[in-house]
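A short worksheet on the structure shown next.
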Amino acid sequence: MTYRVIQWTTGNVGRYALRQILDHPELELAGVYVTSAAKAGKDAGELCDRPPTGVKATNDADALLAMPADCVVYTATADRRPFDAVKDVARILASGKNVVSSSIVGLVHPRALGDRVTGQLEEGCAKGESSFFTSGIDPGFANDLLPLVLSGLCGTWEEIRIQEIINYATYAQPEVLFSTMGFGQPLDAKPMMLMPGALTFAWGGTIRLLAQGLGLTLDRIAEVHERKPATKRLDIQGHVVEPGTTAAMRFEIQGIVGGKPALVVEHVTRLDDDLAPEWEKGNGSYRVLVKGVPGMRCEYEFWDEHGDHAVGGVLLTATRIVNAIPAVCEAPPGLLSALDLPLVTGRGLLRA
C-alpha cells in the first residue's frame, strides 16, 4: 500500500524528513508546506538536495488541507509556540489526516501536557477520524522504547538512567543554542530551557511514558541542572562564545518513585569536547544505564553520512517519525504513543 504524505515545513528536521519521504518505498509525496515566501513555489527536491519531484512547495495551508492525503509530517519549530503548534496539529487532524510529529516534544506521552492540550487533540482526532503520534530520537526512541526493551532483560532494578552525551557545536539551530539553551550567556542567566518547569514540559512526557510502560506510579518529577563556562573563545556557527560564559550544560529530569529517582533522563551537552572533563564523556551517543540485576550499559552511537553526531541525531528524529507513518495510518483513530504501535522498522534498502 502507498500512503500519500504532506511535509509540513522544511527546517532543521523537516528537510531530512522530506528526504526520507522521497526515499521511502511505501510513501508518495503529496505536498509541502513552507512558511517562507522565498521557498514557496520551489520544487520539493530543491528544498532537500534531491532531484526534482514535480511537487511544488506552498504557503497556502488551506489548499494543502483540502487535498487528499493520508498523513502530515509536522516538524514546525514549537519551542516558543507550543500551544500554537497544538492548534495547528488539531486543525490538521480535523481535516482527516493523520499526523506524525517531532515538534511538541512533551507529547511523546500524548496526555502529558494537561487537559487543555489533550482536549484539542482528541477533538481533532474525533472529527477527522485520524491519529496523532509524536516521537523522534530524544524525546523519542532513545529514551522511551530503547530503555523499555532493555528493562525486559532485568530481574530487578532500582534505577534506569538515559544519557544524551553530544557536542552541540554543529547543531544547526542557533536560536535553540544561544537563546533557548543559553549558550554564550552568563552562568547566572535564566534561558527559557532552565526556567522552572521547562525541562519537565519538554521531557516530563518521556518520564510519564516510561512509568506507564513499566507499571509505576510517580511521586513527582524533579529537575536539576548545572553549567560550566568556556575556557577560551569559541566560534560556533557565526556566534562567539566568550570565556566565562556558558559553554557546557548538564541537566536531569527525574521520575521519583518511592522517594528516590528511579527514572532519569540526563543530558550532557558541550560546545567543546575539553569542557567539564568530570562529566560523562562519549563520542556522540545515547547511553542507557540500568542499575539492577543484571546491571546493563547500552551505548548507542550514531552519525550522518559525514560522520557528524549532532546532525545524525537530527536525522534520526526524521527517520523515526517518517518510518512510523504506515503504522500510524493503520492504527485506530486517537492519540498514540510508542506503547500503542507495533515494531516500527525501516524500508529504505539501498539497491545497486
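The values are calculated or read from the model by the stated rules, or taken from the named source; none is laboratory data. As the structure is a computational prediction, the values presented were derived from the model and not from experiment. Neighbour counts are summed over all protein chains in view; Cβ atoms, including those assigned to glycine, are modelled from backbone coordinates with ideal geometry. The accessibility values were calculated without ligands, DNA or RNA, using every heavy atom of the protein model including side chains. Shrake-Rupley method; radii C 1.70, N 1.55, O 1.52, S 1.80 Å.
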Quick check: is even one residue across region 187-206 of a type in the set (Gly, Ala, Ser), open to solvent by less than 40 Å² (accessible area, probe 1.4 Å) and over 20 Å from the mean Cα position of the chain (by Cα)? yes
So which residues in region 90-132 are hydrophobic (A, V, I, L, M, F, W, C) and either assigned to a loop (DSSP other than H, G, I, E, B) or closer than 19 Å to ARG208 by Cβ (or both), if there are any at all? ILE104, VAL105, LEU107, VAL108, ALA112, LEU113, VAL117, LEU121, PHE132
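I'd like to check something: does region 134-149 contain any residue that is outside any loop (DSSP other than H, G, I, E, B), over 18 Å from the mean Cα position of the chain (by Cα) and farther than 25 Å from TYR74 by Cβ?
In the first step, residues of region 134-149 are kept if they are outside any loop (DSSP other than H, G, I, E, B); the result is 134, 137, 140-143, 145-149.
From the residues that got through so far, the ones that are over 18 Å from the mean Cα position of the chain (by Cα) too are 149.
Next, only the ones that are farther than 25 Å from TYR74 by Cβ stay: 149.
Yes; the residues of region 134-149 include at least one that is outside any loop (DSSP other than H, G, I, E, B), over 18 Å from the mean Cα position of the chain (by Cα) and farther than 25 Å from TYR74 by Cβ.
When you scan region 142-157, do you find a residue that is surrounded by 20 or more Cβ atoms within 10 Å (Cβ to Cβ), modelled with pLDDT of 95 or more and closer than 27 Å to GLN237 by Cβ, even just one?
Within region 142-157, one or more residues are surrounded by 20 or more Cβ atoms within 10 Å (Cβ to Cβ), modelled with pLDDT of 95 or more and closer than 27 Å to GLN237 by Cβ.
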Just the residues that are farther than 19 Å from SER101 by Cα, surrounded by fewer than 17 Cβ atoms within 10 Å (Cβ to Cβ) and touching a residue at least 12 places away in the same chain (Cβ under 8 Å), please, taken from region 1-41. MET1, THR2, PRO25, SER36, ALA37, ALA40, GLY41
Scan of region 56-79 for residues that are open to solvent by 70 Å² or more (accessible area, probe 1.4 Å) and part of a helix (DSSP H, G or I), ordered by number: ASP62, ALA66
Name, by its number, the condition in (1) open to solvent by 20 Å² or more (accessible area, probe 1.4 Å); (2) part of a helix (DSSP H, G or I) that does not hold for THR53. (2)
Just one of the numbered conditions (1) crowded, with 23+ Cβ neighbours inside 10 Å; (2) under 15 Å from the mean Cα position of the chain (by Cα) is not true of GLN173; which one? (1)
Can you spot a residue in region 317-327 that is among the hydroxyl-bearing types (Ser, Thr, Tyr) and within 30 Å of ASP273 (Cβ to Cβ)? yes
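Table: residues versus (1) buried (at least 21 other Cβ atoms within 10 Å of the Cβ); (2) at pLDDT below 95.
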position	(1), (2)
PRO243	no, no
GLN254	yes, no
THR269	yes, no
LYS291	no, no
VAL311	no, yes
THR317	yes, no
ALA327	no, no
GLU330	no, no
Does any residue of region 262-282 turn out to be in contact with an Asp or Glu (Cβ under 6 Å, 6 or more places away or on another chain), more than 27 Å from PRO229 (Cα to Cα) and not small (Gly, Ala, Ser)? no
Every residue in region 162-197 that is over 19 Å from TYR286 (Cβ atoms) and hydroxyl-bearing (Ser, Thr, Tyr), please. SER179, THR180
Checking the structure you have, find out if any residue of region 155-169 is touching a strand residue (DSSP E or B) at 6+ places or on another chain (Cβ under 6 Å), within 27 Å of TYR74 (Cα to Cα), part of a helix (DSSP H, G or I) and not hydroxyl-bearing (Ser, Thr, Tyr). no
